[in-house]
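One structure is given below, encoded as structure tokens.
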Amino acid sequence: MTQPPRAEIDQVAEASIAALRAPSVFNTQPWRWRLAGEHGELWADHSRQLAGLDPQGHLLLLSCGTALHHATVALLAAGYVADVSRLPDPSRPDLVARVRQGERCEPDDLLYRAIYQRRTDRRPFGDERPGEAVLEELRAAAARHGVHLHVVRADQVTAFASAVAHAGTVEHDDAHFRDDVLAWTTRTRHDRDGVSARSVVPPTRRTIAPRDFAQAWPAALEPGPGSDLGTVYVVLATDGEEPRDWVAAGEALSDVWLTLTARGLAASPISEVVEVEAVRQALRRLLGGVGSPAVAMRIGTPVGDNGPVPASVRRSGTEVVGLPGQT
Ligand SMILES: Cc1cc2nc3c(=O)[nH]c(=O)nc-3n(C[C@H](O)[C@H](O)[C@H](O)COP(=O)(O)O)c2cc1C
């Protein structure tokens, strides 16, 4: 079915708006969209990069990958296969992707609905472990992007927990890391980004504690009665370590996260283990042969009485989506 170019770009514009809800490291939202002719361009925004934690911009590209995948999910819900060229111009490495409305297909809004339900849930999860069938579905979601999802085995959890704890200690002792946390937990209401106290839980006894964000304020989200007994830890790993691998890892992170949300599960990423290079190498050896660790996640069954985590803020479409040449 042919449509006038105007309608085509409208569909991509809608997709870029849905992509505003994508998760990003420290909620930096390090992207901008430019709508050009019949396609949308997704650009990396290095002014939003974490200088201490992410000097090479790996997590920035992962975050752009989540936005890219969210856009493809929105197109699918509208009944179009997304036609995507990733990193299409070597002379402009910040151009992460060009997205066009591709072939017509059967609309599927399962993951699209999950975009608006997904949250980073840092609370302890319940005793019930996600079943093998859903873990297989998550492996398949990662594999769609050429990324491996490794479930940390019971006999690897203690070593994995010490890797996370060690990375946390290294970061806590480093002023550059602390500066990043401080900068992105003290954003003004007007900025509409960063991590807020109401999405962070105070420390409790648990196998693996989420990142300590509470420098500037006390954490304000009730942890609830969960134990993390059934929580599964996974590592997303890539075959290579090129920019396209980090983008693919972000697309996989989004696909896995939306899929598990659609299945009633909850999750939060753990990226400390890849931010400290020595820990990333130790993790790679621990997992033996699954590839280069790109990001880890904890996944579990939300505890019924807890209710949803409040939605985190996002910048508006007028700020993020524009025309070519606009800065
Ligand atoms: C690449 C990446 C790395 C992240 N790393 C962590 C992390 O180490 N610890 C954590 O608690 N949240 C982490 N997050 C979650 C973000 O802080 C979260 O997505 C953001 O604050 C927006 O909140 P929302 O996911 O609830 O929309 C990460 C997210 C992404 C995309």
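Laboratory data are not the source of any read-out in this text; all were calculated from the coordinates shown. All values derive from a computational prediction rather than experimental measurement. Here the Cβ positions follow ideal geometry from the backbone for every residue, glycine too, while neighbour counts run over all protein chains shown.
Report the relative contact order of the range 44-94, percent, no decimals, based on alpha-carbon pairs under 8 angstrom and at least 6 residues apart. 27 percent.
Scoring 180-193, 29-42, 197-210, 252-265 by mean Cβ neighbours within 10 Å over their residues and listing the highest first yields 252-265, 29-42, 197-210, 180-193.
Taking Cα atoms only, the orientation of helix 175-184 departs from the longest principal axis of the chain by about 60 degrees. With the highest mean first, a sort of the peptides 222-231, 119-128 on other beta-carbon atoms found within 10 angstrom per residue produces 119-128, 222-231. Short-range pairs are left out: with C-alpha atoms under 8 Å and at least six residues apart, the relative contact order of the range 5-117 is 29 percent.
Checking the a/c ratio against 1.5 first, then a/b against b/c, what shape does the Cα gyration tensor give for the range 132-306? Rounded shape, in that the Cα axes give a/c under 1.5. Sequentially through the range 64-79, phi angles give Karplus couplings (6.51, -1.76, 1.60; θ = phi - 60°) of 4, x, 5, 5, 4, 5, 4, 5, 5, 5, 5, 5, 4, 5, 8, x Hz, Gly and Pro residues having no value and appearing as x. You can think of it this way: the chain between residue 43 and residue 215 has 58.8 nm of extra reach, that is 0.36 nm per residue less the Cα-Cα gap.
As a length-normalised measure over Cα pairs under 8 Å and 6 or more apart, the relative contact order of the chain settles at 25 percent.
Compute the Cα gyration tensor for the range 5-117, then decide on rounded, prolate or oblate, letting a ≥ b ≥ c be the square roots of its eigenvalues: rounded whenever a/c is under 1.5, prolate when a/b is larger than b/c in the other cases, and oblate in all that remain. Judged from the Cα gyration tensor, the range 5-117 comes out oblate (a/c at least 1.5, b/c at or above a/b).
Geometric descriptor of the chain, per residue, is 127 Å³ (volume of the convex hull of the Cα atoms).
Indicate the gyration tensor shape class of the range 208-327 (rounded, prolate or oblate), computed on the Cα atoms with a ≥ b ≥ c the square roots of the eigenvalues: a/c under 1.5 is rounded; otherwise a/b larger than b/c is prolate and the rest oblate. In terms of gyration-tensor shape, oblate. Database remark: amide H of residue 321 closer than 5 angstrom to the amide H of 33 (H placed geometrically; neighbours at sequence offset of 5 or more, or on other chains; Pro and chain starts carry no H). What is the distance in Å between the Cα centroid of the range 167-225 and that of the range 262-311? Here the two parts' Cα centres lie 16 Å apart. Going from the fewest other Cβ atoms within 10 Å to the most, the residues 283, 149 appear in the order 149, 283.
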